[in-house]
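Single-structure report; data block below.
The values are calculated or read from the model by the stated rules, or taken from the named source; none is laboratory data. None of the values given here were measured: they were computed from a predicted structure. All Cβ positions, even for glycine, are placed from backbone atoms using ideal geometry, and neighbour counts span all protein chains on display.
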């Protein structure tokens, strides 16, 4: 039995999308990020990422995490690589070379892109207008020019990142790049990235994830 | 044939240490980080990470990268996971569960630890004294208290991170944690981390890597 911990409005979206792609059955425990709650310690507060109960699952106090028949795993991108290898068929690697490339894209997304795509999300969309910092947004957009160019070039072959087909590498990377969508200039300058993200987000499994996300309280 | 691109004084150290552990033969191309050169564009400048020649290998302009019989791979932690799986025997995962845990530790190290361990390194050791910022050092040390506690707890079982034995997960994580060694208070508060890092760094393959690093021009 697979359990996915983490609300849709979190990095758990990556795992929930992948589970939809595979058609995996799972139990969903909508753990919320503690910093989204005004008072996580209040009686009756919903299950959150810094609760004693959840810290036993992920001592880092981060969502998502999974429990797959007793294997507890954290780090959303690693969870997806694991689930794709175990259950995902052609979404996972066909051999060690593809495994290496898919793992490399996960680390690329986490280190070269996500610190900046998150800044775009916060300062161009997610934060209340009064808390947004135009300077931080501009710096993040500037920092993303080079990674977007690398990603655009990588998509020049088949339009997908690894193996000439849609894989977990596309899901992982697309979910990190999604945070930069408020910065439309980045996508105008990288037309293959724009087309690839649109193709990823047109998949029924992505749409089902987003529909469930929109339903979330 | 395996080629490792990147000087010892870079994240290539991770790959060079692992290659030593396995006894892998490799060609070493000591590409230097462009920002370490006063003028990377000067005639006669050594091969650097933003040279046209190297950008054909890693368009991100980062070291390290490898070429293993034609498979070109970037991201030091992903490279190590790949090499361990392909050539590393018990350094690599025994099954998909260990593979998931080792990949999770790589993403943990890159996102929860490295942004802060690098700040410790820069502002407590690597930068010239006049350029160090005590406030940044203190903030990084404070941010590392939680990840060090998580790491300390993870080592409580066998003293190693995955599978009750020394693996690529220890090499990857130890190399990221090494950057924080100037902050001795962190290690005093996490005695298992201190003992584990000492055990990792007492290995002949690590010492051989550091000896070659010390020889580097």
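Only residues that are surrounded by fewer than 19 Cβ atoms within 10 Å (Cβ to Cβ) and assigned to a strand (DSSP E or B): list them for the stretch A:3-28, please.
Correct list: A:3, A:27, A:28.
Which one of these is assigned to a helix (DSSP H, G or I), over 15 Å from the mean Cα position of the chain (by Cα) and within 21 Å of residue A:192 (Cβ to Cβ): A:106, A:146, A:137? Lay out the reasoning, then the answer.
Details: A:106 fails: over 15 Å from the mean Cα position of the chain (by Cα); A:137 fails: within 21 Å of residue A:192 (Cβ to Cβ).
Every option except A:146 fails the conditions.
Please go through (1) free of Cβ contacts under 8 Å to residues at least 12 places away in the same chain; (2) under 24 Å from residue A:112 (Cα atoms); (3) touching a strand residue (DSSP E or B) at 6+ places or on another chain (Cβ under 9 Å) for residue B:126 and return the number of the only condition it doesn't satisfy.
In the conditions (1) free of Cβ contacts under 8 Å to residues at least 12 places away in the same chain; (2) under 24 Å from residue A:112 (Cα atoms); (3) touching a strand residue (DSSP E or B) at 6+ places or on another chain (Cβ under 9 Å), residue B:126 misses (3) alone.
Report yes if some residue within the stretch A:63-71 is without any contact (Cβ under 8 Å) to a residue 24 or more places away in the chain and outside the structural domain of residue A:163 (by TED's automatic domain parsing); otherwise report no. Outline the logic, then answer.
Looking only at the stretch A:63-71, we keep the residues that are without any contact (Cβ under 8 Å) to a residue 24 or more places away in the chain, and these are A:70-71.
From what's left, outside the structural domain of residue A:163 (by TED's automatic domain parsing): A:70-71.
Scanning the stretch A:63-71, I find at least one residue that is without any contact (Cβ under 8 Å) to a residue 24 or more places away in the chain and outside the structural domain of residue A:163 (by TED's automatic domain parsing), so the answer is yes.
Of the residues that make up the stretch A:109-130, is at least one within 13 Å of chain B (Cβ to nearest Cβ) and over 15 Å from the mean Cα position of the chain (by Cα)? Quick ask: steps written out before the conclusion?
So the first thing to find is which residues in the stretch A:109-130 are within 13 Å of chain B (Cβ to nearest Cβ), and the list is A:109-116, A:118.
Restricting the remaining residues to those that are over 15 Å from the mean Cα position of the chain (by Cα) gives none.
Among the residues of the stretch A:109-130, not one is within 13 Å of chain B (Cβ to nearest Cβ) and over 15 Å from the mean Cα position of the chain (by Cα), which makes the answer no.
Output the number of residues of the stretch B:154-167 satisfying the condition of being within 14 Å of chain A (Cβ to nearest Cβ), over 21 Å from residue B:11 (Cβ atoms) and in a loop (DSSP other than H, G, I, E, B).
Total satisfying the criteria: 4.
Does the stretch B:29-51 contain any residue that is within 19 Å of residue A:147 (Cβ to Cβ), part of a helix (DSSP H, G or I) and not assigned by TED's automatic domain parsing to the domain that holds residue B:161?
yes
Condition check ((1) farther than 26 Å from residue B:87 by Cβ; (2) within 12 Å of the chain's Cα centre (by Cα); (3) assigned to a loop (DSSP other than H, G, I, E, B)) across all residues:
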position	(1), (2), (3)
B:169	no, yes, no
B:172	no, yes, no
B:177	no, yes, no
B:187	yes, no, no
B:194	yes, no, no
B:199	no, no, no
B:207	no, no, no
B:213	no, no, no
B:217	yes, no, yes
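Considering only residues that are more than 9 Å from chain A (Cβ to nearest Cβ) and surrounded by fewer than 21 Cβ atoms within 10 Å (Cβ to Cβ), look in the stretch B:73-95 and name the one that is nearest to residue B:27 (Cα to Cα).
B:87
Give the number of residues within the stretch A:109-134 that are assigned to a loop (DSSP other than H, G, I, E, B) and either within 24 Å of residue A:160 (Cβ to Cβ) or not assigned by TED's automatic domain parsing to the domain that holds residue A:180 (or both).
Restricting attention to the stretch A:109-134, the residues satisfying the condition of being assigned to a loop (DSSP other than H, G, I, E, B) are A:127-128, A:132-133.
Restricting the remaining residues to those that are either within 24 Å of residue A:160 (Cβ to Cβ) or not assigned by TED's automatic domain parsing to the domain that holds residue A:180 (or both) gives none.
Total meeting the criteria: 0.
Please work out which residue is nearest to the other protein chains (Cβ to nearest Cβ), limiting yourself to the stretch A:63-72 and to residues that are in contact with a helix residue (DSSP H, G or I) (Cβ under 8 Å, 6 or more places away or on another chain) and in a loop (DSSP other than H, G, I, E, B).
At the first step, the residues of the stretch A:63-72 found to be in contact with a helix residue (DSSP H, G or I) (Cβ under 8 Å, 6 or more places away or on another chain) are A:63-66, A:68, A:71.
Subset that is in a loop (DSSP other than H, G, I, E, B): A:63-64.
Working: A:63: 14, A:64: 11 Å.
Selected residue: A:64.
If residue A:89 satisfies all but one of (1) over 28 Å from residue B:145 (Cβ atoms); (2) in contact with a helix residue (DSSP H, G or I) (Cβ under 7 Å, 6 or more places away or on another chain); (3) in contact (Cβ under 8 Å) with a residue 60 or more places away in the chain, what's the number of the condition it fails?
(2)
State yes or no: is residue B:151 within 9 Å of chain A (Cβ to nearest Cβ), crowded, with 23+ Cβ neighbours inside 10 Å and at pLDDT 95 or above?
Working: within 9 Å of chain A (Cβ to nearest Cβ): no; crowded, with 23+ Cβ neighbours inside 10 Å: yes; at pLDDT 95 or above: yes.
Against the criterion (within 9 Å of chain A (Cβ to nearest Cβ), crowded, with 23+ Cβ neighbours inside 10 Å and at pLDDT 95 or above), residue B:151 does not qualify.
For the stretch B:32-47, does any single residue satisfy the condition of being at pLDDT 95 or above and touching a helix residue (DSSP H, G or I) at 6+ places or on another chain (Cβ under 8 Å)?
Among the residues of the stretch B:32-47, not one is at pLDDT 95 or above and touching a helix residue (DSSP H, G or I) at 6+ places or on another chain (Cβ under 8 Å), which makes the answer no.
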